[in-house]
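The structure appears below as structure tokens.
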Amino acid sequence: MKKNEILNLIKNQTLFFDGGTGSVLQSLGLQPGELPEIWNITNPDKIIQLHYEYFLAGANIIKTNTFGANKNKFKDSEFSLEEIVSSALNNAKKAKEKIEDASSNSEFKNSPHLIALDIGPLGKLLEPLGDLSFNEAVNLFSETIKIGLQNGADLILIETMNDCYEAKAGIIACKEVIENLGSEFDVPIFVTTVYDESARSLTGTNIETMTTILESLGVDGLGMNCSLGPIQMKEFLKDFTANTKLPIIVNPNA
């Protein structure tokens, strides 16, 4: 599905994301300290089934098991970043094929079925709060994004961002990778950020400021995820609707 088709679809219907990945994998045997993304290679059937069951439950968009997939985090891994990310996309595509086969052979209809390349924080603070430079952050994001797009992601979700500066690095990485790969890889870019009960991010940015920054960077949808439940998040929706006309994403904790 092309970018303009996805964005036009959002204008006319609500799309539902899937739920958690790490918490489910823990219930399936993921050990403390074990990187969930490794399961893309070591336990692909369980990842495919996880995606499939979320589609079956009504999700329109599944997130690839790549939340922590960046070269810094996997520098000591026996698997390369390319193996981890490409396997994640392959598993997601198999789940998508499985649900579309099921949809064509039954009364179950739940379209569209989309795959979001899931991009989480890098795990290190950017300068001046930390020691990771902005350019290093862009490069780390770019490596993962390039592999994800070349392996068939329908859209990019940059999620669980506590720092607007890191979110900016992720967005710029998306834009640069798409420009270098060509227009056929142009996909929607969505960003969700994290807030405490005072409606501020970890680095102190409020929703109005964050929304203004993200919209100016050219994202296609924005919102919030993690940290808070649906009741608290509902109170913050007015801050988003008052400050943007972009599609709004709300992915609360259970």
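The values are calculated or read from the model by the stated rules, or taken from the named source; none is laboratory data. Please read these numbers as outputs of a predicted model, since none were measured by experiment. FYI the Cβ positions are ideal-geometry reconstructions off the backbone, even for glycines, and counts take in every protein chain you see. Surface areas here come from the heavy atoms of the whole protein model, side chains and all, with no ligands, DNA or RNA. Shrake-Rupley method; radii C 1.70, N 1.55, O 1.52, S 1.80 Å.
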Quiz item: Looking at (1) in contact with an Asp or Glu (Cβ under 6 Å, 6 or more places away or on another chain); (2) surrounded by fewer than 19 Cβ atoms within 10 Å (Cβ to Cβ); (3) at pLDDT 95 or above, which is the one condition that is false for GLU179?
Solution: (1)
Self-check item: Residue count for segment 218-245, restricted to those that are closer than 15 Å to LEU157 by Cα and part of a loop (DSSP other than H, G, I, E, B)
Solution: 4
Quiz item: Does PHE55 satisfy the condition of being at negative phi and in contact (Cβ under 8 Å) with a residue 40 or more places away in the chain?
Solution: yes
Self-check item: Selection count, segment 6-41, where residues are of a type outside the set (A, V, I, L, M, F, W, C) and under 19 Å from the mean Cα position of the chain (by Cα)
Solution: 10
Self-check item: Scan of segment 123-139 for residues that are of a type in the set (A, V, I, L, M) and open to solvent by 20 Å² or more (accessible area, probe 1.4 Å), ordered by number
Solution: LEU125, LEU129
Quiz item: When only residues in segment 81-96 that are out of contact with any His (no Cβ under 9 Å at 6 or more places or on another chain) and not hydrophobic (A, V, I, L, M, F, W, C) count, which is most open to solvent (accessible area, probe 1.4 Å)?
Solution: GLU82
Self-check item: All positions within segment 201-218 that are without any contact (Cβ under 8 Å) to a residue 60 or more places away in the chain and open to solvent by 10 Å² or more (accessible area, probe 1.4 Å)
Solution: LEU202, GLY204, THR205, ASN206, GLU208, THR209, THR212, ILE213, GLU215, SER216, LEU217, GLY218
Quiz item: Do any residues in segment 76-95 that are under 19 Å from GLU34 (Cα atoms) have Cβ atoms under 6 Å from those of residues that are part of a loop (DSSP other than H, G, I, E, B) and open to solvent by less than 40 Å² (accessible area, probe 1.4 Å), where the two are at least six apart or on different chains, and which pairs are they?
Solution: LEU81/PHE74; ILE84/ALA69; VAL85/THR66; VAL85/ALA69; ALA88/THR64; ALA88/ASN65; ALA88/THR66
Exercise. Kindly check whether there is at least one residue in segment 197-217 that is assigned to a strand (DSSP E or B) and touching an Asp or Glu at 6+ places or on another chain (Cβ under 7 Å).
Key: no
Quiz prompt | Verdict on MET224 being at pLDDT below 90 and not β-branched (Val, Ile, Thr) | solution = no
Quiz item: Just to be sure, is GLU166 charged (D, E, K, R), farther than 24 Å from PHE236 by Cβ and either modelled with pLDDT under 95 or assigned to a helix (DSSP H, G or I) (or both)?
Solution: no
Quiz item: Can you find even one residue in segment 182-190 that is touching a residue at least 24 places away in the same chain (Cβ under 8 Å), part of a helix (DSSP H, G or I), open to solvent by 30 Å² or more (accessible area, probe 1.4 Å) and touching a helix residue (DSSP H, G or I) at 6+ places or on another chain (Cβ under 8 Å)?
Solution: yes
